[in-house]
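To start, the structure itself, in C-alpha cells.
The values are calculated or read from the model by the stated rules, or taken from the named source; none is laboratory data. This structure is a prediction, so every number in the text was calculated from the model and none was measured. In this analysis, Cβ positions are derived from the backbone assuming ideal geometry, glycine residues included, and neighbour counts consider all displayed protein chains.
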Ligand SMILES: Cc1cc2nc3c(=O)[nH]c(=O)nc-3n(C[C@H](O)[C@H](O)[C@H](O)COP(=O)(O)OP(=O)(O)OC[C@H]3O[C@@H](n4cnc5c(N)ncnc54)[C@H](O)[C@@H]3O)c2cc1C
C-alpha cells in the first residue's frame, strides 16, 4: 500500500492582519490575511520560517480572546514548537488555508457563518485592519496517489474540498459530495474536467448521512476516501468503515465540528 507523504514544518505563532473581506455566499465569508509575519521573521532572538501550506486539508489554529474577560491567552514560541499555558488556557479554532500566495503575502481562509461561535462571530464582524494570531500548519499531507478519489464533506470542509479539487490533476477520477444546509451555500468550484460534483441538502443533526453516502460505494484497492464533517456523523462513518478496511481502500476521516445544543453550552 502507498504511504501517505507528509511534510512537517516548525510550528510558528504569527500575528497577521485582515487585508480583505468578501462574501462567497450568504453562508461563507472569505477573510484575506496579510502581514510581515507570513514571511520569514525574527522575534525575541529567534529566526522564524515563512508560512507554508502544501496540502489540501492543512489546518491552522486561530486564537481568540475569552469573550467573558476580553483577554487573550497565547502559546509561547519555542524552537519549532509552542508552549501552551494552563491558566487561562488558550481559546483556538481550526481553519483550512484555502490559498496562500507567498509572493503577494496573502493567506485566504473561508469561514462558515453560523450563530453562536467565537470564530464564526469573529469572521462575521471582521474588518480590514483587524489583527489575529495563528499557528501552523504543523504539517501538510501531500496529494496521495489513487485511482479514484471519493471526497465527502459538509460546509466546514468546503475549503478543503475546493483545495482537493483544484490540486488534483485533470486526469484524476474524482467524486466530491458536498453536504449543505441551504442551496445558498453553493459556490463555484474549479475541478478536474471529469470530476463528478454532487451538492446535497442535509441537516447536520442527521448522523447517518455519511454512512448512507458510502454504503454502496466500492472501497477497494486504489480508492482514497476523504471525509470531514460533524462529530456524530463522522463517528457513525468510522464505525461503518472499520470492518471495510479489508477491502483495500484508504480512508482519511476527520471531525471538523461538534453540534452542540443550547443546554450543553450553558
Ligand atoms: C482540520 C479542520 C479544518 C477546518 N476548516 C474549516 C474551514 O476552513 N472553514 C470553516 O468554516 N470551518 C472549518 N473547520 C470547522 C471549525 O473549526 C468549527 O466549525 C468551529 O467549531 C467553529 O468555531 P466557533 O467558535 O465558530 O464555534 P464553536 O464555539 O465551536 O461552537 C459554537 C456553536 O456553534 C455551533 N457550530 C460550530 N461550528 C458550526 C458550523 N460550522 N455550522 C453550524 N454550527 C456550528 C456549535 O454546535 C455550537 O452550538 C475546521 C475544523 C477542523 C478540525
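Residues in the range 189-203 that are closer than 19 Å to residue 172 by Cα and over 20 Å from the mean Cα position of the chain (by Cα): 192, 193, 194, 195, 196.
For the range 204-218, the candidate set comprises residues that are more than 19 Å from residue 181 (Cβ to Cβ) and in contact (Cβ under 8 Å) with a residue 60 or more places away in the chain; within that set, the residue that is nearest to the chain's Cα centre (by Cα) is 214. Checking each residue in the range 48-72 for being more than 27 Å from residue 163 (Cβ to Cβ) and out of contact with any strand residue (DSSP E or B) (no Cβ under 8 Å at 6 or more places or on another chain) picks out 65, 66, 67, 68, 69, 70, 71.
To keep it simple, each residue is scored yes or no on (1) under 20 Å from residue 158 (Cβ atoms); (2) at pLDDT 95 or above.
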residue: 40; (1), (2): no, yes
residue: 58; (1), (2): yes, yes
residue: 85; (1), (2): no, yes
residue: 104; (1), (2): no, no
residue: 112; (1), (2): yes, yes
residue: 119; (1), (2): yes, yes
residue: 132; (1), (2): no, yes
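Of all the numbered requirements in (1) out of contact with any helix residue (DSSP H, G or I) (no Cβ under 6 Å at 6 or more places or on another chain); (2) under 15 Å from residue 140 (Cα atoms); (3) in a strand (DSSP E or B), residue 98 misses one, and that requirement is (1).
Does residue 159 satisfy the criteria of being at pLDDT 95 or above, out of contact with any helix residue (DSSP H, G or I) (no Cβ under 9 Å at 6 or more places or on another chain), assigned by TED's automatic domain parsing to the domain that holds residue 241 and surrounded by fewer than 16 Cβ atoms within 10 Å (Cβ to Cβ)? Answer is no for this residue. Is there a residue being at positive phi and surrounded by fewer than 17 Cβ atoms within 10 Å (Cβ to Cβ) anywhere in the range 120-135? The answer is yes; a qualifying residue exists. Of the listed requirements (1) within 12 Å of the ligand (Cβ to nearest atom); (2) under 19 Å from the mean Cα position of the chain (by Cα); (3) within 19 Å of residue 161 (Cα to Cα), residue 232 misses just one: (3). Among the residues of the range 222-242, those that are free of Cβ contacts under 8 Å to residues at least 40 places away in the same chain and surrounded by fewer than 20 Cβ atoms within 10 Å (Cβ to Cβ) comprise 231, 232, 235, 236, 238, 239, 240, 241, 242. Taking the range 120-165 as the range and being more than 14 Å from the ligand (Cβ to nearest atom) and in a helix (DSSP H, G or I) as the test, only 165 passes. For the range 68-87, the count of residues that are in a loop (DSSP other than H, G, I, E, B), in contact (Cβ under 8 Å) with a residue 60 or more places away in the chain and near the ligand (Cβ under 9 Å from one of its atoms) is zero.
Inside the range 200-211, residues that are outside any loop (DSSP other than H, G, I, E, B) and surrounded by fewer than 15 Cβ atoms within 10 Å (Cβ to Cβ) make up a count of 2. Of the candidates 16, 32, the single residue that is in contact with a strand residue (DSSP E or B) (Cβ under 6 Å, 6 or more places away or on another chain), under 22 Å from residue 81 (Cβ atoms) and not in a loop (DSSP other than H, G, I, E, B) is 16.
With respect to residue 258, is the statement that it is within 20 Å of the chain's Cα centre (by Cα), surrounded by fewer than 13 Cβ atoms within 10 Å (Cβ to Cβ), at pLDDT 95 or above and within 16 Å of the ligand (Cβ to nearest atom) true? Judged against the criteria, residue 258 is a match. Inclusion of residue 148 among residues that are more than 17 Å from the chain's Cα centre (by Cα), farther than 26 Å from residue 220 by Cβ and not assigned by TED's automatic domain parsing to the domain that holds residue 96 is not warranted.
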